[in-house]
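K.L.:
Below you will find the structure I want to go over with you.
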């Protein structure tokens, strides 16, 4: 009669194709976690959203001459919080919660209204901020003293658009204020070089590309509900809900709400804390 096999001290995990000698089994059973914080500086290439804002025109009449300039907003600052679980020997899953702050920028417009000597100057200061939550998958490629990690993910993003400024002519001065929010899907690709500083701490240096989408913005402008609209002639302007309806009835000029699709390339440094449960 053959000797009975000793009971294994560690129960099998149904999610792992078990090879008792594999370090993947041991790491999975130990439930290795990572928590980290990240800071990065980035660049946003020129995109359609920026080019559409350059066509800002407060007056839709073809008899009004308008000149508009837009300052660049290509610099970004990113902060992120990461939480990850090792799934297999070289694979991890987790999530990233972060925000992207675009550098503040402004728009200036000068118009002549119905007469060559009647001018209106408009200046709008913009502040764009993105908050996002991505589900992530990572894979490691190990070397002697460090390893390279690549990851991809997708999730949701929320973009807040704050506006302040003024519109002034020879006859009046009108403050301009607004706050609008848009929600959409976002995507992420990243790669990093990782150096283990101790059993519990890892240093990361790398880069990622985030892509944000928002089909429309909604909120208030000058205390009225409204949004930024892209007219059928390609011009852009903030309109209240009532102004938008009137523009369709009277001029057939407003076509749809302005959308945003923007990406930024970021170089970052991260600190990760590793522990097992």
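The values are calculated or read from the model by the stated rules, or taken from the named source; none is laboratory data. What you see is a predicted model; the values in this text were computed from it and never measured. All Cβ positions, even for glycine, are placed from backbone atoms using ideal geometry, and neighbour counts span all protein chains on display.
K.L.:
Going by the structure shown, is residue 89 within 28 Å of residue 270 (Cβ to Cβ), surrounded by fewer than 19 Cβ atoms within 10 Å (Cβ to Cβ) and in contact (Cβ under 8 Å) with a residue 60 or more places away in the chain?
P.N.:
Here the answer is yes, as residue 89 does meet what is asked.
K.L.:
When only residues in region 44-83 that are in contact with a helix residue (DSSP H, G or I) (Cβ under 9 Å, 6 or more places away or on another chain) and part of a loop (DSSP other than H, G, I, E, B) count, which is farthest from residue 120 (Cα to Cα)?
P.N.:
Filtering first and then ranking leaves 44.
K.L.:
Mind listing whichever residues of region 215-234 are touching a helix residue (DSSP H, G or I) at 6+ places or on another chain (Cβ under 9 Å) and at pLDDT 85 or above?
P.N.:
224, 225, 227, 228, 229, 230
K.L.:
Among (1) loosely packed, with under 14 Cβ neighbours inside 10 Å; (2) at pLDDT below 55, there is one condition residue 16 misses while meeting the rest; what is its number?
P.N.:
(1)
This table checks each residue for (1) modelled with pLDDT of 95 or more; (2) surrounded by 15 or more Cβ atoms within 10 Å (Cβ to Cβ); (3) under 29 Å from residue 263 (Cα atoms).
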residue	(1), (2), (3)
28	no, yes, no
38	yes, yes, yes
51	no, no, yes
56	no, yes, yes
63	no, no, no
79	yes, no, yes
82	yes, yes, yes
98	yes, yes, yes
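K.L.:
Looking at (1) over 22 Å from residue 65 (Cα atoms); (2) surrounded by fewer than 16 Cβ atoms within 10 Å (Cβ to Cβ); (3) modelled with pLDDT under 95, find the lone condition where residue 147 falls short.
P.N.:
(2)
K.L.:
Moving on. Run residue 229 past the list (1) touching a residue at least 12 places away in the same chain (Cβ under 8 Å); (2) more than 19 Å from the chain's Cα centre (by Cα); (3) surrounded by fewer than 17 Cβ atoms within 10 Å (Cβ to Cβ) and report the number of the one that doesn't hold.
P.N.:
All conditions are met except number (3).
K.L.:
Within region 235-272, how many residues turn out to be surrounded by fewer than 17 Cβ atoms within 10 Å (Cβ to Cβ), over 21 Å from the mean Cα position of the chain (by Cα) and modelled with pLDDT of 85 or more?
P.N.:
Selection size over region 235-272: 1.
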